[in-house]
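Asker: I'd like to ask you about the structure that follows.
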Amino acid sequence: MFALFLLFSSVVVADAEMLYPVSSVLKAGSTVQIGSVSPGQVFEVIFSDDSGFGFEWSKIIVDRASLPTGWVVLSEESTDASLVVAIKVPEGAKPNFYLITIGFSNPFEPGFDESVKASVVVKHSLVDVAFTRITEEGSVVGEDVVYRVSISNASIAPYAIDVTSTLPSNWFDGKTIEAKPNASEEFDLVVKPLVYGKNNFSFKAVTKEDNLVAGSFSSDLNVKPTLKGKFSSVLTGFPFFTFSLTPFQAINSLISFVIPN
């Protein structure tokens with residue numbers, strides 16, 4: 001009878017409950033599609049530590065033999081209620097389907113074990129970026145002009161996105177945005193025009209992980225002058241002055257300091 005019990009216990013398997021990127025209760029050996037990721041990204045897979053058999057999994061291990069070439073396991077951690085694996089996809093990973101085997105164990109429950117397969121799709125261009133202008137036409141020197149960038153991230157990993165422009169750095173100095181995985185978000189971009197007149201410029205959004213242009217936008221700034229702005233423009237740019245007018249530029253800059261806003 002004892003021998004039969006040992007035989008039975010040696011083949012008993014428990015459940016594994018995946019919490020992220022998808023929510024699913026998995027049987028031993030089953031495969032689950034967890035989503036898409038781009039080359040260069042780091043993604044997490046999170047499981048509950050509840051085995052469903054009255055005990056907790058205490059360890060999570062990625063089968064290194066199942067890892068594609070160049071993929072790296074950054075961490076395998078056990079928290080109060082979950083088990084977390086972080087995996088980095090190499091920058092040169094080819095678009096394709098990949099299977100990764102993940103196992104669970106508890107040294108005090110040797111008759112129970114579990115392993116599942118996570119199917120990951122590697123793809124480029126998983127983030128979309130769109131720009132809109134919020135502030136109406138007719139801004140004046142020194143007043144903020146607000147643009148909005150909308151980011152849709154279809155990856156199971158966060159994206160770091162650099163937003164730059166062709167404007168002078170003291171008008172807009174660029175911004176790095178962290179886009180959450182599987183989410184759509186909006187962020188405001190603030191431009192501060194310091195010289196009156198018309199200025200054609202553009203925004204560009206580039207992903208840090210795979211260095212791809214995710215979106216661009218062209219716009220016009222028609223900036224109205226203020227009295228102070230007219231005299232102080234020499235301090236912030238020279239688009240409307242010539243070298244022969246240098247003495248007048250210096251005089252204007254001095255006058256700007258005594259003109260109230």
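Asker: Tell me, what are the semi-axes, in whole angstrom and largest first, of the equivalent ellipsoid of the range 38-123 as set by the roots of 5 times the Cα gyration tensor eigenvalues?
Answerer: For the range 38-123, the semi-axes come out at 27, 12, 10 Å.
Asker: Would you mind calculating the gained length between VAL22 and PHE201 on full extension (0.36 nm times residue separation, minus the Cα-Cα distance), in nm to one decimal?
Answerer: 60.3 nm
Asker: Determine the principal axes of the Cα atoms in the range 127-225, then give the extent along each, sorted from largest to smallest and rounded to whole angstroms.
Answerer: The Cα atoms of the range 127-225 stretch 47, 21, 17 Å along their principal axes.
Asker: Neighbour counts of other C-beta atoms within 10 Å: give me LEU74, LEU126 arranged from fewest to most.
Answerer: Ordered by Cβ neighbours within 10 Å, fewest first: LEU74, LEU126.
Asker: Please report, in whole Å, how far the alpha carbons of the range 178-222 spread along each principal axis, starting with the longest.
Answerer: 41, 19, 13
Asker: How far, in nm, would the chain grow between SER66 and PHE108 when pulled straight, counting 0.36 nm per residue and subtracting the alpha carbon separation?
Answerer: Numbers: separation 42, 0.36 × 42 = 15.12 nm, distance 2.61 nm.
12.5 nm is the gain from fully extending SER66 to PHE108.
Asker: From a point 7 Å beyond the Cα of LYS59 in the direction of its Cβ, which residues of the range 103-119 have a backbone N at a distance under 19 Å?
Answerer: 103-117
Asker: Taking the Cα centroid of the range 37-54 and of the range 127-150, what is the distance between the two, rounded to the nearest whole Å?
Answerer: 39 Å
Asker: Measure off 7 Å from each Cα along the Cα-to-Cβ vector at ASP128 and VAL42, then give the distance between these two points in nanometres to one decimal.
Answerer: Distance between the two pseudo-spin positions: 2.9 nm.
Asker: A further question on this structure: Among the listed pairs LYS117/LYS208; LYS88/LYS123; LYS59/LYS94, which are separated by more than 24 Å between their Cα atoms?
Answerer: LYS117/LYS208; LYS59/LYS94
Asker: Fully extended, how many nm does the chain gain between VAL84 and SER119 (0.36 nm per residue separation, minus their Cα-Cα distance)?
Answerer: The span from VAL84 to SER119 would gain 11.0 nm if fully extended.
Asker: Taking neighbour counts of Cβ atoms within 10 Å as a proxy for exposure, in what order, fewest first, do PHE172, PHE55, PHE108 appear?
Answerer: Lowest count first: PHE108, PHE55, PHE172.
Asker: Continuing with the same structure: Leaving out same-chain residues fewer than 8 places away, which lysines sit with a Cα under 16 Å from that of LYS204?
Answerer: Partners within reach: LYS175.
Laboratory data are not the source of any read-out in this text; all were calculated from the coordinates shown. Just so it is clear, the structure is predicted and the values come from calculations on it, not from any experiment. Neighbour counts are summed over all protein chains in view; Cβ atoms, including those assigned to glycine, are modelled from backbone coordinates with ideal geometry.
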